Amino acid sequence: MEVVYFTITAVVLYFAADRALNFLEHRRGARFEHRSLIFFAILVTLAVIIFALIQRLAGG
């Protein structure tokens, strides 16, 4: 069941990271030069935090 949680969370985090990046770019008023690197950093940060929380709550 843990795999299902991780998969659903990964999809949600992908869209959350995209929205966060769009928000930051909108606030800045221009696109970032290294957009994919910033997207990756946001996604990895969110994933590490949320996946650790899921693992702790699932008892793994």
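Where a number appears in this text, it was derived from the coordinates with a stated rule and is not lab data. Since we're looking at a predicted model, the values are computed, not measured. In this analysis, Cβ positions are derived from the backbone assuming ideal geometry, glycine residues included, and neighbour counts consider all displayed protein chains.
Odds and ends about this structure:
- Once the chain from residue 24 to residue 48 is taken as fully extended at 0.36 nm per residue, the excess over their C-alpha distance is 6.6 nm.
- Spin-label pair residue 8/residue 57, simplified geometry with 7 Å Cα→Cβ offset, distance in nm: 1.0 nm
- At most 16 other Cβ within 10 Å, DSSP loop - GluC sites (Glu not before Pro), the chain: 33
- Each residue of region 24-32 was assigned a 3J(HN,Hα) from its phi angle through the Karplus expression (A = 6.51, B = -1.76, C = 1.60, θ = phi - 60°), giving 4, 5, 5, 5, 6, x, 7, 6, 6 Hz with x at Gly and Pro.
- Dipole axis of the chain (+1 Lys, Arg; -1 Asp, Glu on Cβ), positive-most option in 9, 40, 59: 40
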